[in-house]
Amino acid sequence: MLLNRLTALQFFLLCVFSCAVLAQPKWDDEPLPAKFDWVKLTSGEWLKGELKVLYDSELEFDSDNLGLLHLDWDDVAEIRSAQVLSVRFNNGSQGIGKVLMRDGQVSFNGVDVESYDAKGIMSMAAGGTQGSSYWSAEVVLGGNFKRGNSLENIFDSHIDIKRRTNASQFKFNYLATLRRVDNIETENSHRISSSYDVFITQKLFWRPVYGEYYRDKIQNISDRVTVGMGVGYHLIDSSKTTWGVTAGPGYQYSRFVSVSEGENNPEGSGLFMFETLWDYELSKVIDIKALYNIQLTNDESGRYKHHSRIGMEYELTDALDFNIYFIWDRTEKPQRDEAGVLPEQDDTRMTVGLGYEF
């Protein structure tokens, strides 16, 4: 008798649990919710919160209970949005409105008269025509302060700002390192770069303008300004790995702290730029990122200039990351100063810091 009662209780609890897991959210019999965005995964689970952006096959979704999630696009089966979304498709068409994506079709504002193939979605951004939701930023700060037999102060900063819509992407990056040993400045470098990309297809994009400002007086560079344009292509664009390349012509202006007698200062040169960016999701909390950039100019401007950043980002919380980066800069033909001193070709450093995303 006791065994039968326990079996019946187990069966009852199993039924209740199954109904709780399989139950679908309700929207008062309307196809679109009124308050929250809802995302259904291929596993059958539903998430409630706010959809942020879809880019590079990754959906950013702010869950009420789980925080900011980065979902593989292949794992998303259905979307029902309460907010207005802007969607861009591979064929160049766009749609704006509340999104209903189910059974492989996309419609706007709950109207099924005109629908689109969900497989053709290239990007998606929250806010519709409201621009504030397109912006994101990360600030990384690190430092080392030593006292005792010697005095050493090291400060590293890295600021990364992006604006992503369904048709374009703007990037701004600032990288700086300051170092003093026994009150003598041994490093003071600043690099500011910015670019604007227009999506042609899901993999191909056009970069009508990019720019960079670099300053490192220890390397005899007072100011170096680079402007140009280019074309880019995503070689790999999967749920865990993105790998893209960009190349194009440009012009570079270089002003040195001082030069040997008979050398031009400042110096101008045409250039050709090649850049590759690789991002790999090692786990849910660890990302491996690598950037390599090379600029080809005349000999007076340095001939070949390399810049590389390779590092790891470990997610501590939804907004806080632990960052380790190795940075390498190389100038094939550095410019001698007025005393005839030739700067080293290679400049390497490792930075460790905490990053905050918002």
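Every read-out reported here was derived from the displayed coordinates using simple, explicitly stated rules and does not represent laboratory data. Note that the structure is predicted; figures quoted are calculated from it, not measured. Positions of Cβ are generated from backbone atoms using ideal geometry, with glycine treated the same way; all protein chains shown enter the neighbour counts.
Taking other C-beta atoms within 10 Å as the exposure proxy, Arg303, Arg309 rank Arg303, Arg309 from fewest upward. Counting beta carbons within 10 Å around each of Leu291, Leu204 and listing the fewest first gives the order Leu204, Leu291. Only Cα pairs under 8 Å and 6+ residues apart enter the sum, and on that basis the relative contact order of the range 134-357 stands at 14 percent.
Listing Val341, Val225, Val181, Val99 from fewest to most neighbouring C-beta atoms within 10 Å gives Val341, Val181, Val225, Val99. For the range 229-250 versus the range 155-179, the spacing of their alpha-carbon centroids is 17 Å. In order along the range 271-284, the Karplus-derived 3J(HN,Hα) couplings, from 6.51 cos²θ - 1.76 cosθ + 1.60 at θ = phi - 60°, round to 8, 10, 10, 10, 9, 9, 10, 10, 9, 10, 8, 5, 7, 5 Hz, and Gly and Pro are given as x.
Over 21 Å apart at the Cα level, from the set Lys35/Lys171; Lys52/Lys98; Lys119/Lys240; Lys162/Lys305; Lys40/Lys203, are Lys35/Lys171; Lys162/Lys305; Lys40/Lys203. Positive end of the dipole of the range 134-357 (Cβ unit charges, origin at the Cα centre): among Ile159, Ser308, Tyr233, the Cα lying farthest that way belongs to Tyr233.
If you take the beta carbon distance between Asp74 and Val341 as r and set R0 to 51 Å, what does 1/(1 + (r/R0)^6) give as a FRET efficiency, to the nearest 0.05?
0.35
For a test of the definition: using alpha carbon positions, the gyration tensor, and the 1.5 limit on a/c, classify the range 134-357 as rounded, prolate or oblate. Because a/c hits 1.5 or more and a/b fails to exceed b/c, the range 134-357 counts as oblate.
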